[in-house]
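Comments concern the structure below.
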Amino acid sequence: MPIGILYSRFSSAIQAEGHSLDRQITQAEDFCKRHNLELSSLTFKDLGISGWKSTAKRDGLEQLIEAVELGKIPAGSFILVEAADRLSRQGFMHVMLLVRRLVATGCKFVTVDNGQIYDHKNIENLSGALPLIISADLALQESERKSFRVKQAKNAVRKNRVLQGKMPFWIDLVDGKPVLNSSAPLMRRIIDLRLEGKSPLIIAKMLNQEGIRTTRDKQWYAETIRTLFEQTAIYGSKTYFELQDGSYRPAEEVANLFPAIATKDEFLRLSSKKPPRGKYPSGPFSGLLKCSKCGAHIRSNGKRGEIQYRSCANAKIGKCDETGYIRDVDQILSDQLKKLAFIKSPQLVSVDYENEINELEAMLENLERDRQASKGKAFVYKMILEDMEETHTKLEALKQKRDSEVASNTDVNLEFISSIEDEQHRNSLYKTVIDKIEITRFGTTRVMYNIRFKNNHRTVFLSDYDRKSKTHIARFKSDTEELDKFISGAVEGLEPWEICTGDKPEGYLSENWE
């Protein structure tokens, strides 16, 4: 006896609480009795995924098609769908494509509501496929009307500046008006901690240690803190969103709808320090670490337990043969730079440039994305190019100003820098005195670090990882005899200027120099 398999889907998870599935099963059972079929208990459900979102991932549907194409469902089986709009609401061409895939295996496709049965023969004939085409087209029109009505309703809310839905935790609606509530001082404290240089992780730890809970009586997490800093309500603005291609995107920002708890400048300073999505925090030596073989960045690969790993960025894409991982680079460099100090009295150079440079670089990235998206729109494209040129000019001028200040004031106390808790702040300071740090691996446990300072001085040391004690032993370049033993003849591959004579570099002191 041929079998019937019911493909069930719902436009939202709420409908799953009603009688929709029961109705579909009853209709399928009636159809199977009339056509002498056995209704299989195997079903595929896409709960909570709306068919009128063109980008929605059809997990259940893809499973069904894959099962049919792989022969897990016997040829000659009947795939039962309540109606064409239950399969897809993306138009008749998309529905026809799906049905063709199903019936090409020998299975039959059924729309139970009108009793239509489609196979590999009648699906190719206009008269046979016409009911399916009409149903699918009507489903698309209904979806578009629904989308239009929803959009109109949201536009009315935006036009009337209506505040509804969930408020930020530091704001309450009182008689329809937003006011700061008793949690506002906590939010202001979180903002101040971030502006002082505390990372979201440190802030979350501080709040948890003090026993302060979220409004949902849960612990704080770094991601929770980061999400707070993305809300424009911080400086009093309300951002309205609209549905585009299956996801909600910002449509309009309206100023002064909320009571501000910070200035917009403070908000920008909060968000500008957020690392790019999907990437690990790059650490205090971000942008300074270079592979000695190819010159590419040494990127972070995250942590395994307590050990931090880095590797050459080009190695991952096959452009460098330095494919190994390097342990605890940031820890080793921080420890060794702490032991070095300039002879002259230490002064702290200005680091305001770095924040401005980071903001301009982020602005250029956003403009580049806008440029790519505006191709074909000549007027908009031209305006974006003009903005990019102006931003690039400002960026280069700012970099030149920073470098000129660094050149005239390179007397920095590195021990002071290493004691700063905030990694980005340390990174900004290190960049004022360090040009780059070249890294060379010797085997799996030995690494050479060549730190090049902007005053044309440099220091080189070797790090040896002891597996038993799980510690890194630093061997400085001035010890030429130990160096020869350490790299086992690799000195022949170095440039003449890299071979140390044992003299101390001019301008430096080290408590470990022998």
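The values are calculated or read from the model by the stated rules, or taken from the named source; none is laboratory data. This one's a predicted model, so the numbers in the text were calculated from it and none came from an experiment. As a convention, Cβ positions derive from the backbone with ideal geometry for all residues, glycine included, and neighbour counts pool all protein chains shown.
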Being at pLDDT 70 or above and surrounded by fewer than 17 Cβ atoms within 10 Å (Cβ to Cβ): is that true of K57 here? no
Residue check for P259: surrounded by fewer than 18 Cβ atoms within 10 Å (Cβ to Cβ), at pLDDT 85 or above, outside the structural domain of T440 (by the TED database) and not hydrophobic (A, V, I, L, M, F, W, C): yes
Residue in segment 172-186 that is over 16 Å from P259 (Cα atoms), modelled with pLDDT of 90 or more and in a helix (DSSP H, G or I) present: no
Which listed residue is modelled with pLDDT of 85 or more and more than 27 Å from D330 (Cα to Cα), from Q219, Q244: Q219
Of the residues that sit in segment 1-52 and are charged (D, E, K, R) and under 19 Å from E66 (Cβ atoms), which one is modelled with the lowest pLDDT? D46
Subset tally (residues that are part of a helix (DSSP H, G or I), β-branched (V, I, T) and either in contact with a His (Cβ under 9 Å, 6 or more places away or on another chain) or within 17 Å of L193 (Cα to Cα) (or both)) for segment 204-241: 4
Is at least one residue of segment 122-136 closer than 27 Å to N36 by Cβ, of a type in the set (V, I, T) and modelled with pLDDT of 75 or more? yes
Among the residues of segment 428-456, the number that are in contact with an Asp or Glu (Cβ under 7 Å, 6 or more places away or on another chain), of a type outside the set (F, W, Y) and touching a residue at least 24 places away in the same chain (Cβ under 8 Å) is 6
